[in-house]
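The values are calculated or read from the model by the stated rules, or taken from the named source; none is laboratory data. Quick caveat: nothing in here was measured; it's all calculated off a predicted structure. Every residue, glycine among them, receives a Cβ derived from its backbone with ideal geometry; neighbour counts consider all protein chains shown. With ligands, DNA and RNA removed, areas are computed over all heavy atoms of the protein, side chains included. Shrake-Rupley method; radii C 1.70, N 1.55, O 1.52, S 1.80 Å.
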Amino acid sequence: MKNIALIGSTGSIGTQTLDVIRKHPDRFNLISLAAGRNVERVIEQVQEFKPRVVAVEQKQDAEKIQQQFGDVVKVFYGKEGLIEASVLHDADFLMNALVGSLGLEPTLQAMEAGVDIGIANKETLVTAGHLVTEKAKAHNVNLLPVDSEHSAIFQSLEGNRIDEVERLILTASGGSFREYTRDQLEEVSVEDALNHPNWNMGAKITIDSATMMNKGFEVIEAHWLFNIPYDDIEVLLHKESIIHSLVEYRDKSVLAQLGTPDMRVPIQYAMSYPERLELRDTNRLNLWEIGKLHFDKPDFDRYRCLRYAYEAGRTGGTLPAVLNAANEEAVKQFLQGKITFLSIEEHIEKALERHQVIAGPSLDTILEVDKETRTYVSSRIG
């Protein structure tokens, strides 16, 4: 039985994590959860899974939950609450399913407590990959990828040597606007952008998929997770989302992991690793039903956010933190209808151009750069 701590319980990855726990009550026990402001959903989750620690964003919400459940559960709030839910002495595994840089500090502290990490939160590795990987090594904890692409690479590396790898190939669906020209993107709406063709994801990640920033973040993550140079990490457009990623070895053999699009597969594998558990109600992959698979190389002028991510990753230091913060702020403003879809790229580019890179940043420096970048982008929008 593994004791599971879950932060980001009401989002897409969080709810699917709970579904995995629900299907394997003999293997997983939820001991804590943390979420934002969706209090009614949190109450439902507490009633079903009975964690002993809960954290939410607002004090009044924490008081409401505490009043309902009394001494059965300890309820916290804010950043401190998030850390309380992440660092429990008997936790075996922390699923970081948060969206945004908020997941960084809880992850680092959980590692110090010796807890294995399921990393679904891209921003943690994007902003502070050097700190996260150093901490994992220092405390001998597993950093297990949950993104379908990184899980596919992880599985394709098993039984092989990393020094024999020549290339990692991350596949990308292309998002909501993969058939659009840049001219057609001028008038797209928030509703258009949220209509992902393959995956059921949260709003922010769906927008990142449409801009391909999501894939750019995954390139940076892959660099840190697998210690592979950026020049040896490529992106391949594959609209069916059947091949989740590929690894090419020095003898030109290519191993890939395939499956129908279902995030519970990589979620469950991270939680059960090194075992594989049955997942009954997912679709079996019958390639004859698919018929054809399509592939193409991405155009960096068409998908400028992907280019920004490669540039920021190669430069390193604090620039990836600027990339992430500028993107988060710009996407938030787009979702609120304050800027256009293509303006997301513009605000990110301006933030990157003005930043003076600091090499080997500490956690405090990263957090300060994050805050300053958000303020700058917000001020540009007004």
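On the full set of protein chains, 1.4 Å probe, figure out the accessible area of residue 346 and give it in Å² to the nearest 10.
Approximately 80 Å² for this residue.
Could you work out what % of the accessible surface of the stretch 56-164 is carbon and sulfur, using a 1.4 angstrom probe and leaving DNA, RNA and ligands out of the count?
On the way: 2080 of 4630 Å².
For the stretch 56-164, the apolar C and S fraction of the accessible surface comes to 45 percent.
What number does the stretch 256-382 give for Rg over Rh if you use C-alpha atoms and the Kirkwood radius?
Numbers: Rg = 19.7 Å, Rh = 17.8 Å.
Expressed as Rg/Rh, it is 1.11.
Between the stretch 50-119 and the stretch 259-297, what is the separation of their alpha carbon centroids in Å?
29 Å
How large is the Rg to Rh ratio of the stretch 104-194 when both quantities use alpha carbon positions and Rh follows Kirkwood? Spell out each step's value before the answer.
Values: Rg = 17.7 Å, Rh = 16.0 Å.
Using only Cα positions, Rg/Rh for the stretch 104-194 is 1.11.
Using only Cα atoms, what is the ratio of the radius of gyration of the stretch 226-326 to 2.2 N^0.38 Å? All intermediate terms of the calculation are to be shown ahead of the outcome.
Numbers: Rg = 17.0 Å, N = 101, 2.2 N^0.38 = 12.7 Å.
Normalised Cα radius of gyration, the stretch 226-326: 1.34.
With an 8 Å Cα cut-off and a minimum separation of 6 or more residues, compute the relative contact order for the chain in percent. Could the numbers behind the result be given before it?
Values: 690 pairs, mean separation 55.8, N = 382.
Value for the chain: 15 percent.
Which of the aspartates and glutamates could be linked to residue 64 by a straight reach, that is with a Cα gap under 14 Å, when you skip same-chain ones fewer than 8 residues away?
Partners found: 40, 44.
In Å, the Kirkwood hydrodynamic radius of the chain over pairs of distinct alpha carbons? Could the numbers behind the result be given before it?
Working: mean 1/r = 0.0471 Å⁻¹.
Across the chain, the inverse of the average 1/r is 21.2 Å.
Tell me, what is the 1.4 Å probe accessible area of residue 1, in Å² to the nearest 10?
Ignoring ligands and nucleic acids, residue 1 comes out at about 140 Å².
So how do 40, 289 rank on accessible area, 1.4 Å probe, biggest first, that is with the largest at the start?
Per-residue accessible area, sorted high to low, gives 289, 40.
Need the list of lysines near residue 332 for cross-linking: C-alpha distance under 19 angstrom, and skip anything on the same chain fewer than eight residues off.
Of all the lysines, those that pass the test against residue 332 - Cα under 19 Å, at least 8 places apart if same chain - are 122, 204, 215, 350, 371.
Counting DSSP beta bridges with both partners in the stretch 112-271, what percentage is antiparallel, nearest 5? Mind showing how you got there, number by number?
Values: 10 of 18 bridges.
The answer is about 55 percent antiparallel.
Ignoring ligands, DNA and RNA, what accessible area per residue does the stretch 1-160 give at 1.4 Å, in Å²? Please report the intermediate quantities before stating the final value.
Numbers: 6380 Å² over 160 residues.
Averaged over the residues of the stretch 1-160, the accessible area is 40 Å².
Could you let me know the centre-to-centre spacing of the stretch 130-173 and the stretch 326-382, using Cα atoms, in angstrom?
Here the answer is 28 Å between Cα centres.
Kindly report, to the nearest 10 Å², the accessible surface of residue 308 as traced by a 1.4 Å probe over protein heavy atoms only.
Here the accessible area works out near 10 Å².
Among 175-187, 41-53, how do they line up from the highest to the lowest mean number of other beta-carbon atoms within 10 Å?
Values: 175-187: 14.8, 41-53: 17.2.
Sorting 175-187, 41-53 by mean packing, highest first, produces 41-53, 175-187.
If 77, 376 are ordered by their accessible area, calculated over protein heavy atoms with a 1.4 Å probe, which sequence runs from highest to lowest?
Numbers: 77 105, 376 45 Å².
My answer, sorted largest first, is 77, 376.
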